[in-house]
Amino acid sequence: MAVRIAGVINTLNEAHNIRYSLGTLLPWCDDVVVVDQHSTDGTADIAREMGARVFQHEWTGGIGDAARAFAVAQAQADHVLILDADEMIPPQLARYLREQASAEDSPDVLLVPRVNIIMGRIMRHGTNWPSRRARFFRPGSVEISGRIHHGLKPRPDARVREVPARPELAIWHFSYPDVRTVVDKVNRYTTIEAEQALSRGEPPPRSARPFLGGAARWFWGSYVRDRGYRDGTAGLVLAVSRAYYRFLRAAKMWEQPRAGEREERVTALRERILSRHVSTDPP
C-alpha cells in the first residue's frame, strides 16, 4: 500500500504567505492540514478555498507547541511534513521525501536543510545554512517542545537521517522581509524566552556581564566565527540583532522580578508631586 504523506501548517494572520506555502504542498501531499489560531485577515478562508483541511485552535500566546501538536494529531498519514507559513519547498524535495518515506529502510525522522532568505538575500554562511530541522517524521517519533526556539526534537530511539545540503532539497524560509520584522520578532520572542527562563528557575542577571558578555559572544559568533560578514549588510544586521536578542533577554529577566517595586516607586513619585499641588494654594 502506498505511503501517505501529510503536510501541516500552523497559521495566525498569514494571508500574505499562505498561498505560497500551501501551493507547494497541495500538488503532492495526500493530506494537507492547516491549524489556524483565529486569524482576522482571511487566512483560514484562503486555505479552505485552496483545498486544505482547516481547524481552529485557541491562541497560544506566541508559543505554538500546543497548536502544532494538535495539527500533527489531525494528520491522516504515515509521515508528516511540518512547514511554517513563510516557508516553501521545491518539487525536488517533494520527490525526495516521498522516495525516503517509501524506502524499505525509511528513517523515522529526516533533518531537512533550510535556505534562509533574510531581507531579500539568500544567507549562505554560518548557522543560516544548512540550518537543518526535524521537519519530516513518522507521528510519534519526535518531541514537540514548549520552549521557544527548541521546536521538534527526535526521540532518543528514533532512526534519524540528514537530507543532503543542497538548495533544491531544502525548505526555503522567507524569514525576515525587513528590519521592522526583525525588531518585532526580537521583542516578542525575548519576552517569551525570559518568562520561560524565570519559570524554570533560571536566576536573573546580577551584574553587567550577562548583558554585555552574552551579546558580545553572540555577535562575534554570528559575524566573525560563522563568517556572517560574507552575507553583506544583511549579515551585519542579523548579527547585531542576535546580539541584541541576548541583551534584551537578559534585560527582561532582570526587569521582571523588579516590576512590582518599580511600579511602587513610580506611583510614590507621582503621588508626591500631586500632593504638592493639592497642598499649595492656587495662584
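The values are calculated or read from the model by the stated rules, or taken from the named source; none is laboratory data. Just so it is clear, the model here is predicted, and its values are computed rather than measured. Virtual Cβ from ideal backbone geometry, glycine too; neighbours counted across all protein chains shown.
The set of residues from the stretch 251-269 being of a type outside the set (S, T, N, Q) and without any contact (Cβ under 8 Å) to a residue 40 or more places away in the chain comprises 255, 258, 259, 260, 261, 262, 263, 264, 265, 266, 268, 269.
Can residue 176 be described as more than 15 Å from residue 123 (Cα to Cα) and under 19 Å from the mean Cα position of the chain (by Cα)? Criteria not met by residue 176. Just so you know, in the stretch 195-222 the residues that are surrounded by fewer than 16 Cβ atoms within 10 Å (Cβ to Cβ), under 30 Å from residue 123 (Cα atoms) and of a type in the set (A, V, I, L, M) include one that is nearest to the chain's Cα centre (by Cα), and it is 216.
Could you say which residue among 68, 19, 48, 53 is closer than 21 Å to residue 154 by Cβ, basic (Lys, Arg) and assigned by TED's automatic domain parsing to the domain that holds residue 109? Show your work before the answer.
Numbers: 19 fails: closer than 21 Å to residue 154 by Cβ; 48 fails: closer than 21 Å to residue 154 by Cβ; 53 fails: closer than 21 Å to residue 154 by Cβ.
Just a single option satisfies the conditions, and that option is 68.
What residue, of 227, 242, is at positive phi, of a type outside the set (Val, Ile, Thr) and in contact with a helix residue (DSSP H, G or I) (Cβ under 9 Å, 6 or more places away or on another chain)? Matching residue, one of 227, 242: 227.
Considering only residues that are assigned to a strand (DSSP E or B) and aromatic (Phe, Trp, Tyr), look in the stretch 111-143 and name the one that is nearest to residue 83 (Cα to Cα). Working first, answer last.
Just the residues of the stretch 111-143 that are assigned to a strand (DSSP E or B), to begin with: 111-112, 114-118, 121-122, 133-137, 142-143.
Subset that is aromatic (Phe, Trp, Tyr): 136-137.
Numbers: 136: 9, 137: 12 Å.
Only one residue fits best here, namely 136.
Quick one: count up the residues across the stretch 77-105 that are free of Cβ contacts under 8 Å to residues at least 12 places away in the same chain and in a loop (DSSP other than H, G, I, E, B). Total meeting the criteria: 3.
Selection within the stretch 122-159: residues that are at pLDDT 90 or above and basic (Lys, Arg). The member of this set that is farthest from residue 29 (Cα to Cα) is 124.
Here is a list: 157, 184. Which entry is surrounded by fewer than 17 Cβ atoms within 10 Å (Cβ to Cβ), over 14 Å from residue 243 (Cα atoms) and in the same structural domain as residue 86 (by TED's automatic domain parsing)? Before the answer, list the steps.
Details: 184 fails: in the same structural domain as residue 86 (by TED's automatic domain parsing).
Unique residue meeting the criteria: 157.
Residues in the stretch 84-104 that are closer than 25 Å to residue 118 by Cβ and exposed (fewer than 13 other Cβ atoms within 10 Å of the Cβ): 1 in all.
Out of all the residues in the stretch 23-40, is one or more under 30 Å from residue 102 (Cα atoms), polar (S, T, N, Q) and either assigned by TED's automatic domain parsing to the domain that holds residue 85 or buried (at least 23 other Cβ atoms within 10 Å of the Cβ) (or both)? The answer is yes; a qualifying residue exists. When we screen 120, 151 for residues that are of a type in the set (Gly, Ala, Ser) and free of Cβ contacts under 8 Å to residues at least 40 places away in the same chain, the only hit is 151.
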